[in-house]
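Encoded as structure tokens, the structure appears first; notes follow it.
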Amino acid sequence: MYIFDVDTGGIVTEYETANLNSPPQKFENYDGEEVLYLLDGDSRSRAINFDGETVWRSEELVRKDRYEELRASGKEANLEEALELLEEAYELADSENEKKPVARELGETHWKLAKEIWKEEGDTDEWWANLNQAKMYYMEILPWHDGKKGVAKVQRKQAKYHLKKGNENIALELLQNIATMEDEYDVQLLTDHDKKTITDLS
């Protein structure tokens, strides 16, 4: 977006409106300064001055900006910090379109953290809790493909754990859950080893 001087025809400033497409606009004063308000429908969204600086944002825009900032920061942080940032973004989300992408990121982060804990500490309560959290978030994004794959890989890991502990009935139930989901969504989720284990345990 460009602001022109109508007398000289020169550009006073330019501003990249990444999330707005040809936004309505209105010149007014803000705190004694001439600004350009970008409108979202009939409501003011952002005010920029003639230096191209944002000097005011609506509450909704503050929320959206914080939501995007948290998601971006979560990609750069270590796993435990990422969980905190993404959980805050999840709480800020106000629609399914905003919640589901964060749920996917939370599921992946819990899964990665569970793998790290397994390597360093084994089957601790924290490892199990992260697996369950990963599964919960993966289930939230069903029927997305990432959700189906995520639930399957978590239940497969849990089944392997229960087999080692001698809990064959629980292991069988977890693998059968994957088979049920495979039928429900008409997608391949079971491995050849999964199928053999189901046959052996049935």
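Read-outs throughout are calculated quantities, based only on the coordinates presented, and are distinct from any laboratory measurement. All figures in this text were calculated on a predicted structure; none of them were measured in a lab. Cβ coordinates were reconstructed from backbone atoms using ideal geometry, including for glycine residues, and neighbour counts include every protein chain displayed.
Data table
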read-out: Gained length - Ile3 relative to Lys196, 0.36 nm times residue gap less alpha-carbon distance; value: 62.7 nm
read-out: Over 19 Å between alpha carbons, listed pairs Lys135/Lys165; Lys164/Lys195; Lys148/Lys196; Lys100/Lys195; Lys75/Lys100; Lys112/Lys148; value: Lys135/Lys165; Lys148/Lys196; Lys100/Lys195
read-out: Degrees between helix 168-185 axis and first principal axis of the chain (Cα, 0 to 90, nearest 10); value: 50 degrees
read-out: Spread of Cα-to-Cα distances over 10 Å intervals beginning at zero, given as percent, for region 1-142; value: 11, 30, 22, 17, 12, 6, 1, 0
read-out: Selected from Leu106, Asn130, Ala171, residue furthest toward positive end of dipole (region 62-201; charges at beta carbon); value: Ala171
read-out: Gaussian network model of the chain, springs between alpha carbon atoms under 10 Å - residue of Glu81, Glu60, Glu182 with greatest fluctuation; value: Glu60
read-out: Rounded tilt (10° steps) of 59-76 against the dominant C-alpha axis of the chain; value: 50 degrees
read-out: Calculated P(r) tail over 12 Å for region 2-57, as whole % of Cα pairs; value: 65 percent
read-out: Computed [θ] at 222 nm, deg cm²/dmol, the chain (DSSP H ≥ 4; -39,500 (n - 2.57); rounded to nearest 500); value: -20500 deg cm²/dmol
read-out: Scattering profile of region 100-202 at q = 0.13 Å⁻¹ [log10 I(q)/I(0), Debye over alpha-carbon scatterers]; value: -0.45
read-out: Cα lying deepest toward the dipole's positive end in the chain, options Phe50, Gln155, Leu39, charges on Cβ; value: Gln155
read-out: Label point distance in nm, Gln188-Trp56, each placed 7 Å from Cα along Cα→Cβ; value: 5.9 nm
read-out: Rounded Å value of the spacing that divides the Cα centres of region 27-60 and region 174-197; value: 54 Å
read-out: Percent RCO, i.e. relative contact order, over region 62-201, from Cα pairs under 8 Å lying at least 6 residues apart; value: 14 percent
read-out: Linear extension gain, Glu80 paired with Thr13, 0.36 nm per residue minus alpha-carbon span; value: 20.0 nm
read-out: Point-charge dipole on Cβ atoms (K/R +1, D/E -1) for region 91-202, about Cα centre, debye to 20; value: 420 debye
